[in-house]
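Notes follow the structure.
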Amino acid sequence: REQRLVTEKPPGHSRFLWRVAPPAVRAAGKLFFSLETEFETPPPSPPFVMASNHYSHFDSPVVGAPLGIPIRFLALEDLFGVNRLLDWLVSGFGAIPTPRGRVPVRAVRTALAALDRGEVVGVFPESTRVSHWGTLSPKRGAAWLAVRAGVPLLPAAVIGTGHAFGLENRLRRYPIRVVYGKPIHPEDRTVEDLLREWTEWIGKQIARYPGSEVSGDRRAFFVGL
């Protein structure tokens, strides 16, 4: 299947989508999922890398909307070429296509170019949706981008989306909460240092909300990444 990949910069309709979508997501989240957000400190000014855990298709809008600024999420190439409307939306939000099971050379270059232009890049280090935190070991990509670009890594913990719209893609009303941590600055830190700090912080936030993960065995949407 031929993939239609986004260009290095988001298309013209990106500005329109980022103007109207965050308020709509925040309003819908409040109405249907009692969405709450918590900031340990004010978020940094762009550019920076935001890294979140990943339960649901809801996670990108849920963790992106409260910040109110465009975020270019790394997204698997599988999303592109499915239908024209989805392509229009995903490309319009500036998603960066990332291959499954191959070295993401183009994605890395696009992400670094975006950071160099002062943009924000969003990454899910688990690389796929999971039922429980810790199902898969986080990958180094977000931490590597932060170190390589010399920008902060903003940790974001999303709570409850596995119940609201998890691996089964069944919609349920369940409270969702997003917590943004203190930016982790790359100065005098290695990629492994940033990844470890991010992993420990995410684990602590999820532990604050017992029962927020679905019951049953640990599962991942795609374990071959």
Inset, instruction - Of the numbered conditions (1) part of a loop (DSSP other than H, G, I, E, B); (2) open to solvent by less than 50 Å² (accessible area, probe 1.4 Å); (3) closer than 28 Å to Glu213 by Cα, Val151 fails exactly one; give the number of that condition. - result: (3)
Inset, instruction - Collect the residues in the range 89-111 that are open to solvent by 40 Å² or more (accessible area, probe 1.4 Å) and over 14 Å from Pro10 (Cβ atoms), keeping them in residue-number order. - result: Arg100, Gly101, Arg102, Val103, Pro104, Val105, Arg106, Val108, Arg109
Inset, instruction - Would you point out which residue out of Ala75, Ala24, Ala65 is crowded, with 21+ Cβ neighbours inside 10 Å, farther than 25 Å from Leu136 by Cβ and of a type in the set (A, V, I, L, M, F, W, C)? - result: Ala65
Legend entry - Residue, nearest to Thr98 (Cα to Cα), within the range 122-140, restricted to residues that are of a type in the set (Ser, Thr, Tyr) and open to solvent by 20 Å² or more (accessible area, probe 1.4 Å): Ser127
Inset, instruction - Restricting attention to the range 112-137, report how many residues are outside any loop (DSSP other than H, G, I, E, B) and touching a strand residue (DSSP E or B) at 6+ places or on another chain (Cβ under 9 Å). - result: 8
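Here's the yes/no breakdown for (1) touching a helix residue (DSSP H, G or I) at 6+ places or on another chain (Cβ under 8 Å); (2) open to solvent by 50 Å² or more (accessible area, probe 1.4 Å); (3) in a loop (DSSP other than H, G, I, E, B):
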{"position": "Pro43", "(1), (2), (3)": "yes, yes, yes"}
{"position": "Ser60", "(1), (2), (3)": "no, no, no"}
{"position": "Gly81", "(1), (2), (3)": "yes, no, yes"}
{"position": "Asp87", "(1), (2), (3)": "no, no, no"}
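Given the structure, is Leu74 part of a helix (DSSP H, G or I) and closer than 25 Å to Gly101 by Cβ? Quick ask: steps written out before the conclusion?
Numbers: part of a helix (DSSP H, G or I): no; closer than 25 Å to Gly101 by Cβ: yes.
It is false that Leu74 is part of a helix (DSSP H, G or I) and closer than 25 Å to Gly101 by Cβ.
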Inset, instruction - Could you check, for the range 30-39, whether at least one of its residues is touching a Pro at 6+ places or on another chain (Cβ under 9 Å), part of a loop (DSSP other than H, G, I, E, B), open to solvent by less than 30 Å² (accessible area, probe 1.4 Å) and closer than 30 Å to Arg148 by Cα? - result: no
Legend entry - Pairs, first free of Cβ contacts under 8 Å to residues at least 12 places away in the same chain in the range 84-99, second open to solvent by 20 Å² or more (accessible area, probe 1.4 Å) and in a helix (DSSP H, G or I), C-beta under 7 Å, six or more apart: Leu86/Leu79
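Residue-wise test of (1) out of contact with any Ser or Thr (no Cβ under 9 Å at 6 or more places or on another chain); (2) open to solvent by 50 Å² or more (accessible area, probe 1.4 Å); (3) assigned to a loop (DSSP other than H, G, I, E, B); (4) aromatic (Phe, Trp, Tyr).
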{"residue": "Ala146", "(1), (2), (3), (4)": "yes, no, no, no"}
{"residue": "Val179", "(1), (2), (3), (4)": "no, no, no, no"}
{"residue": "Arg189", "(1), (2), (3), (4)": "yes, yes, yes, no"}
{"residue": "Trp198", "(1), (2), (3), (4)": "yes, no, no, yes"}
{"residue": "Trp201", "(1), (2), (3), (4)": "yes, no, no, yes"}
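The values are calculated or read from the model by the stated rules, or taken from the named source; none is laboratory data. Since we're looking at a predicted model, the values are computed, not measured. Counting neighbours? That spans all protein chains shown, and the Cβs are built from the backbone with ideal geometry, glycine included. Just so you know, the surface numbers come from the protein's heavy atoms only, side chains and all, with ligands and any DNA or RNA stripped out. Shrake-Rupley method; radii C 1.70, N 1.55, O 1.52, S 1.80 Å.
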